Every structure is written in structure tokens, then in C-alpha cells.
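Read the structure below first, then the notes.
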Amino acid sequence: MSQNALVPTDIESYGRHYDDHSLFSKIKAVAAKAGRKVIYHVLLLYYMLTDAHIPLKHKRLIVGVLGYFILPIDLIPDILPGTGFVDDLLALLYVVKALHDCITPEIKAKAEAKCNHFFPQPDPSLPNH
């Protein structure tokens, strides 16, 4: 992957690291450090992945970025306090923005509900995609 930018083909290459169990294990392990915004976007993409109406070409991009999130070694190591998830968030936001038109109110509701499981206090700063 280029150090300069994440491009769709680079993101998709991380798809081999994705599986549901690894994703939710990672979420449970890092939720407090990653923060609500990161986890919300992970869940938003996860629920897009499980939606039958999302095209396969979009799902490949989603699987790739979720695979990138799962990996502990990336551009900015996740263990760095305060900055470890910046690269993950940028990659997640890139894909969310690219697929913005596919995000339904139902997907948003599922992501928010699951996010509330990890963060009982709502975050009013989350964007209303």
C-alpha cells in the first residue's frame, strides 16, 4: 500500500484479513481506545456488508477496509495513544463517503444501536450521513 494515500485497489487487498469473528473481537478489544466515531463507522460498513441490496463491487471495498481495521499493523500502529486509529478512521471515512448513497436509514439505525452496546452514552457529534 502506498504511504501517500489509500486507493480502492489498496483497500480491497486487505479483504483477505476479514471475517466476522475477527471483526467483532477487534471491536471488543479496542472500542474504548478507538472511540465511538471509529466504531460507529466500522459498524455502519458492517451492516452495509450484510445488506442484500449493496452491490458486490461495493462489498469488496467494504471487506477490504474492514480487513484493514482488523489488522494490528498498519500505517499508524493502533497501540499509539491518541493517534493509533487515525489511519483506520481515514480509510473508513473514505469508503463511507464513496458509498454514501447506499447507506439507508435502516443501516444507520442498526449501526447506532450496536454502537450503543459498546458506548451507552450517545455521541451527538456523529454525522447524520
Listing LYS26, LYS97 from the residue with the fewest other Cβ atoms within 10 Å to the one with the most, what is the order?
-> LYS97, LYS26
Contact order relative to length of the stretch 24-118, as percent, for alpha carbon pairs under 8 angstrom and 6 or more apart | 42 percent
In straight Cα distance, which lysines are under 19 Å from LYS37, not counting same-chain residues fewer than 8 positions off?
-> LYS26, LYS28, LYS97, LYS108, LYS110, LYS114
Most exposed first by the Cβ proxy, i.e. fewest other Cβ within 10 Å, how do TYR94, TYR47 rank?
-> TYR94, TYR47
Provide the gained length on full extension for the span ASP101 to GLN121, in nm with one decimal, where the gain is 0.36 nm per separating residue minus the Cα-Cα distance.
-> 4.4 nm
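Only the coordinates and a few stated rules stand behind these numbers; no lab work does. All values reported here derive from a predicted model rather than from experimental measurement. Every residue, glycine among them, receives a Cβ derived from its backbone with ideal geometry; neighbour counts consider all protein chains shown.
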